[in-house]
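Asker: Take a look at the following structure, please.
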Amino acid sequence: KIQISGYTFVGVGGSKTTPHRGTWIEFSEEELGEILAGLVGGGGLIDWVFVSHNPPIGVEVSMAGSGVDLGSTSIRRFIESYKPIVVCCGHVHEARGISYLGETPVVNAGPAKEGYCTLIELHERHAHVYLDTL
């Protein structure tokens, strides 16, 4: 966790176990759930942004080009329970875009090595998100 300009940024790296095997940091859904529970420490979060390498399951930005959903159920439950202002994720390079879980934008900027980026303006309890290229 880190505080910047009155907002709390909370993050988790790695991904759920993938069919590729050999990814540097992989967790089971149970392990991810435990890590995420530790981020809130039994209390809620206010005015916060969630940064996760792995996207939540069931959104457009979690879909691989092959049609396989690479999202995490643990991450989706966490987002739905604690409702961050915005979610920044990656992992699925070809799934650049903005999805929504309820009113929460879930942003996959796409690979920076290909010149992709995202501008996010935080305004109290909501975010304006703009996909861009460098």
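The values are calculated or read from the model by the stated rules, or taken from the named source; none is laboratory data. Just so it is clear, the structure is predicted and the values come from calculations on it, not from any experiment. Cβ coordinates were reconstructed from backbone atoms using ideal geometry, including for glycine residues, and neighbour counts include every protein chain displayed. Please note that ligands, DNA and RNA were not included when accessible areas were found on the heavy atoms of the full protein model with its side chains. Shrake-Rupley method; radii C 1.70, N 1.55, O 1.52, S 1.80 Å.
Asker: State whether one or more residues within segment 111-130 are in a strand (DSSP E or B), touching a residue at least 12 places away in the same chain (Cβ under 8 Å) and of a type in the set (Asp, Glu).
Answerer: No, segment 111-130 contains no residue that is in a strand (DSSP E or B), touching a residue at least 12 places away in the same chain (Cβ under 8 Å) and of a type in the set (Asp, Glu).
Asker: Considering segment 81-90 alone, what residues qualify as being open to solvent by 10 Å² or more (accessible area, probe 1.4 Å) and on the phi < 0 side of the Ramachandran plot?
Answerer: Ser81, Tyr82, Cys88, Cys89, Gly90
Asker: Could I ask something else about it? Is it the case, given these coordinates, that Glu103 is among the acidic types (Asp, Glu) and under 20 Å from Thr8 (Cα atoms)?
Answerer: Spelling it out, Glu103 is indeed among the acidic types (Asp, Glu) and under 20 Å from Thr8 (Cα atoms).
Asker: Another question, then. Counting only residues that are more than 22 Å from Trp24 (Cβ to Cβ) and either touching a helix residue (DSSP H, G or I) at 6+ places or on another chain (Cβ under 8 Å) or part of a strand (DSSP E or B) (or both), how many does segment 81-110 have?
Answerer: Residues that pass the stated criteria total 12.
Asker: Within segment 43-58, can you find the residues that are assigned to a strand (DSSP E or B) and open to solvent by less than 30 Å² (accessible area, probe 1.4 Å)?
Answerer: Initial filter on segment 43-58 (assigned to a strand (DSSP E or B)): 48-52, 56.
Scanning segment 43-58 gives Trp48, Val49, Phe50, Ser52, Pro56.
Asker: All but one of (1) under 25 Å from Ile4 (Cβ atoms); (2) open to solvent by less than 20 Å² (accessible area, probe 1.4 Å) hold for Glu121; state the number of the condition that does not hold.
Answerer: (2)
Asker: Looking at Val61, is it open to solvent by less than 20 Å² (accessible area, probe 1.4 Å), touching a Cys at 6+ places or on another chain (Cβ under 7 Å), modelled with pLDDT of 95 or more and not polar (S, T, N, Q)?
Answerer: For Val61, the condition - open to solvent by less than 20 Å² (accessible area, probe 1.4 Å), touching a Cys at 6+ places or on another chain (Cβ under 7 Å), modelled with pLDDT of 95 or more and not polar (S, T, N, Q) - is met.
Asker: Give the residue that is farthest from Val49 (Cα to Cα), with candidates limited to residues of segment 91-109 that are open to solvent by 20 Å² or more (accessible area, probe 1.4 Å) and in contact with a Gly (Cβ under 8 Å, 6 or more places away or on another chain).
Answerer: My answer is Glu94.
Asker: Ok, one more. Which of (1) open to solvent by less than 40 Å² (accessible area, probe 1.4 Å); (2) without any contact (Cβ under 8 Å) to a residue 40 or more places away in the chain; (3) over 11 Å from Pro55 (Cβ atoms); (4) in a helix (DSSP H, G or I) does Phe78 not meet, given it meets every other one?
Answerer: (2)
Asker: Moving on to the next point. Please work out which one of (1) out of contact with any Cys (no Cβ under 8 Å at 6 or more places or on another chain); (2) of a type in the set (A, V, I, L, M, F, W, C); (3) at pLDDT 95 or above; (4) open to solvent by 10 Å² or more (accessible area, probe 1.4 Å) is the condition Leu70 fails and give its number.
Answerer: (3)
Asker: Also, I was wondering about something else. Identify all residues within segment 28-42 that are farther than 23 Å from Ile2 by Cβ, in a helix (DSSP H, G or I) and open to solvent by less than 70 Å² (accessible area, probe 1.4 Å); write none if there are none.
Answerer: Listed by number, the list holds a single entry, Glu29.
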